[in-house]
Amino acid sequence: MEYVRANTMNARLSPSPYDSSSSLELIPVVASASPRAEGVPQGDAEQDHALALARLLPPSEHWRLYADLKDRVRFIDIETTGLAPEDLITLVGISDGFTSTVLVRGRDLHRERMAALLDGAGLLVTFNGKSFDLPRLRRAFPGLPWHLPHFDLAVEGRRLGLGGGLKKVERRLGYTRPRDLRGVDGPGAVRLWRAHCQGDPRALRRLVRYCRADVRALVHLAERIYERLERRHGPEGPGWLPPRG
């Protein structure tokens, strides 16, 4: 757990075999009630508020929304069968900063499941998602809130001199992956998926752990990159805005 906030996802979801855990055991998840504006779905109201904030800033400044929307962030990472736009999405990892869930193609990677995980989201955080993850997610799962404000850690990291891929930035900012996953990279993830499709029972388990490690890295890096951006560019931002009505 990277931080503690009073409010997180508006409804906990039914468990997936791939919800965050040190193993792939089922995790019981308890539904929790939250107040809703009369006649307005909670997710829609939250997203409308986030979009209203985003309109006050140019896209290059959307990172400033992180502090105000921190309890409504969704950290997202995908795995695919390759780098071409037409290659398939095999896994999608989504975290609200507390629970990381990995959805697997052919099992639970469905639009309805993803919509539930994104319910109430206000800000998307990715690493290189502007050019890779989000265009593919828009094509594969249209109608979901991929238009929300976006904090791309790769783009903003480069503004701070943090160039290179996710693993390189992780090392510079002090995030350590499990030892047995340190040799796995993007091409390795493709090979693991192929091995899974060929019947290797261990390949999918390792690939799910790799995707979850990517998502957990985003949670860690977002805090540190945001802090550095704020120190460099100043704290001015939407914190002065009035609370939602």
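Quick rundown of the values:
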quantity	calculated
Selected residue (only one of V155, V102, V184 is part of a strand (DSSP E or B) and of a type outside the set (D, E))	V102
Check on G186, surrounded by fewer than 16 Cβ atoms within 10 Å (Cβ to Cβ) and not charged (D, E, K, R)	no
Which listed residue, of L207, L166, L181, L173, is of a type in the set (A, V, I, L, M, F, W, C) and either closer than 17 Å to I89 by Cβ or exposed (fewer than 12 other Cβ atoms within 10 Å of the Cβ) (or both)	L207
Within the stretch 175-204, tally of residues that are touching a residue at least 40 places away in the same chain (Cβ under 8 Å) and in contact with a His (Cβ under 9 Å, 6 or more places away or on another chain)	2
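Conditions (1) surrounded by fewer than 23 Cβ atoms within 10 Å (Cβ to Cβ); (2) of a type in the set (A, V, I, L, M); (3) modelled with pLDDT of 95 or more, marked per residue:
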{"site": "K70", "(1), (2), (3)": "yes, no, no"}
{"site": "F75", "(1), (2), (3)": "no, no, yes"}
{"site": "G93", "(1), (2), (3)": "no, no, yes"}
{"site": "V102", "(1), (2), (3)": "no, yes, yes"}
{"site": "E112", "(1), (2), (3)": "yes, no, yes"}
{"site": "A116", "(1), (2), (3)": "yes, yes, yes"}
{"site": "T126", "(1), (2), (3)": "no, no, yes"}
{"site": "F132", "(1), (2), (3)": "yes, no, yes"}
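The values are calculated or read from the model by the stated rules, or taken from the named source; none is laboratory data. Remember, predicted model here, so these are calculated numbers, not experimental data. Note that each Cβ is placed from the backbone with ideal geometry, even for glycine, and that neighbours are counted across all protein chains shown.
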